[in-house]
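The values are calculated or read from the model by the stated rules, or taken from the named source; none is laboratory data. It should be emphasised that the depicted structure is a prediction, and the values quoted were computed from it without experimental measurement. Glycine also receives a Cβ, built like all others from the backbone with ideal geometry; neighbour counts cover every protein chain displayed. To get the accessible areas, we keep the full protein, side chains included, count just its heavy atoms, and leave off ligands, DNA and RNA. Shrake-Rupley method; radii C 1.70, N 1.55, O 1.52, S 1.80 Å.
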Amino acid sequence: MGAPKEDTLAVRISKTLADRIIAGKIEPGSRLRQDHIAEEFGASHVPVREAFRRLEAQGLAVSEPRRGVRVASFDLAEVKEVAEMRAALEVLALRHAAPHLTPAILDAAEEATKAGDNSRDVRSWEEANRRFHRLILEPCAMTRLLSAIDDLHAASARFLFAAWQSDWEARTDHDHRAILSALRKGQIEAACTTLAGHVQWIGRRPQKSASGGIRDAFAIVG
């Protein structure tokens with residue numbers, strides 16, 4: 001009888017920790033201390049260990065012999081991998097969603113684009129950007145595919161927050177508008193081609209490292 005309750009608690013713990021990792025509140029390389037987390041959530045070690053396994057499956061944490069569980073670091077190769085995976089899966093979803101896109105859905109996606117253009121911080125931009133993509137892809141009604149895309153968007157958000165925690169500048173998303181224009185005209189392949197290029201564009205931003213030097217941070221900005 002206790003298993004479902006522990007499983008629910010593990011999900012809640014993993015989701016809370018994932019949100020903190022994605023937002024940059026827990027930095028790459030930081031140790032996730034089982035005792036501290038169990039105390040915070042009033043939990044035994046069983047759901048905490050399950051939460052850690054869930055984070056590892058999402059690529060957000062790594063287990064190291066004799067060092068415990070740490071927040072996973074990432075590099076340019078991983079950013080590129082996520083970008084290519086997003087391009088492949090989002091194009092697949094869009095091809096299946098396109099016949100079911102209504103003028104109302106496309107209008108809502110346009111409003112999401114406008115909200116992103118007017119965002120003054122990276123968090124609100126990321127939320128608007130994710131809303132745009134979700135609106136045009138969700139009508140594919142392919143649950144597993146959309147779940148995989150959601151996980152990739154979470155990874156994209158993590159890269160973005162790590163690179164642009166400050167000094168975000170509002171921008172006009174011409175790709176979103178081109179995708180919407182093509183979809184309104186029924187030009188599905190043109191929309192798919194633009195979408196694929198859009199999500200594979202990787203931004204580069206010089207950033208101060210913890211030692212005071214300058215390093216390049218990379219993120220998917222689409």
J(HN,Hα) series, segment 52-61, from Karplus relation 6.51 cos²θ - 1.76 cosθ + 1.60, nearest Hz, glycine and proline x: 4, 4, 5, 5, 5, 5, 7, x, 9, 9
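Sorted from largest to smallest, which semi-axis lengths in Å does the alpha carbon gyration tensor of segment 1-93 give for its equivalent ellipsoid, taking the root of 5 times each eigenvalue? Don't skip to the end; give the middle numbers.
Numbers: eigenvalues 142, 59, 23 Å².
Three semi-axes, in Å: 27, 17, 11.
Please compute the per residue accessible area over the chain with all protein chains in place, 1.4 Å probe, rounded to a whole number of Å². Provide the component values of the computation, followed by the final result.
Values: 12010 Å² over 222 residues.
For the chain, the per-residue accessible area is 54 Å².
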Exposure ranking of Lys80, Lys15 by accessible area [1.4 Å probe, largest first]: Lys15, Lys80
Using the Karplus equation 6.51 cos²θ - 1.76 cosθ + 1.60 (θ = phi - 60°), what ³J(HN,Hα) coupling, rounded to whole Hz, does each residue of segment 13-20 give in order, writing x for Gly and Pro? 5, 5, 5, 5, 5, 4, 4, 5
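Using Cα-Cα distances under 8 Å and only pairs 6 or more residues apart, what relative contact order does segment 27-177 have, in percent? Before the final figure, lay out the partial values.
Details: 151 pairs, mean separation 35.4, N = 151.
Worked out over segment 27-177, it gives 23 percent.
Which shape class applies to segment 75-181: rounded if a/c is under 1.5, otherwise prolate when a/b exceeds b/c and oblate if not, where a ≥ b ≥ c are the square roots of the Cα gyration tensor eigenvalues? All intermediate terms of the calculation are to be shown ahead of the outcome.
Numbers: a/c = 2.17, a/b = 1.19, b/c = 1.82.
Since a/c reaches 1.5 but b/c is at least a/b, the shape of segment 75-181 is classed as oblate.
Counting only protein heavy atoms, what percent of the accessible surface of the chain is carbon or sulfur at a 1.4 Å probe? Could the numbers behind the result be given before it?
On the way: 6100 of 12010 Å².
That share works out to 51 percent.
With +1 on the Cβ of every Lys and Arg and -1 on the Cβ of every Asp and Glu, and nothing else charged, how large is the dipole of the chain about its Cα centre, in debye rounded to the nearest 20? It would help to have the intermediate numbers written out before the result.
Working: 32 positive and 31 negative charges, 64 e Å.
Taking the Cα centre of the chain as origin, the dipole is about 300 debye.
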Rounded if a/c under 1.5, otherwise prolate or oblate - segment 126-166, Cα gyration tensor axes: oblate
Can you work out ³J(HN,Hα) from phi for every residue in segment 109-116, in order, using Karplus 6.51 cos²θ - 1.76 cosθ + 1.60 and θ = phi - 60°, giving whole Hz and x for Gly and Pro? 5, 5, 5, 5, 4, 4, 4, x
For the chain, treating each Cα as an identical point scatterer without solvent, what Debye log10 I(q)/I(0) comes out at q = 0.08, 0.10, 0.15, 0.16 1/Å? -0.33, -0.52, -1.02, -1.11
Say R0 is 22 Å: what FRET efficiency, to the nearest 0.05, do Thr16 and Glu127 get from their beta-carbon distance? 0.75
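With n ≥ 4 as the cut-off for DSSP H runs, can you work out [θ] at 222 nm for the chain, using -39500 (n - 2.57) per run divided by the number of residues, rounded to the nearest 500? Spell out each step's value before the answer.
Details: 9 runs with 139 residues, N = 222.
Value at 222 nm, helices only: -20500 deg cm²/dmol.
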Might you report the magnitude of the Cβ-based charge dipole of segment 51-165 about its Cα centre, with Lys and Arg at +1 and Asp and Glu at -1, to the nearest 20 debye? 440 debye
Rg (Å, one decimal) plus Dmax (Å, integer) for the alpha carbons of segment 60-121? 18.5, 56
Between segment 83-143 and segment 145-203, what is the C-alpha centre distance in whole Å? 8 Å
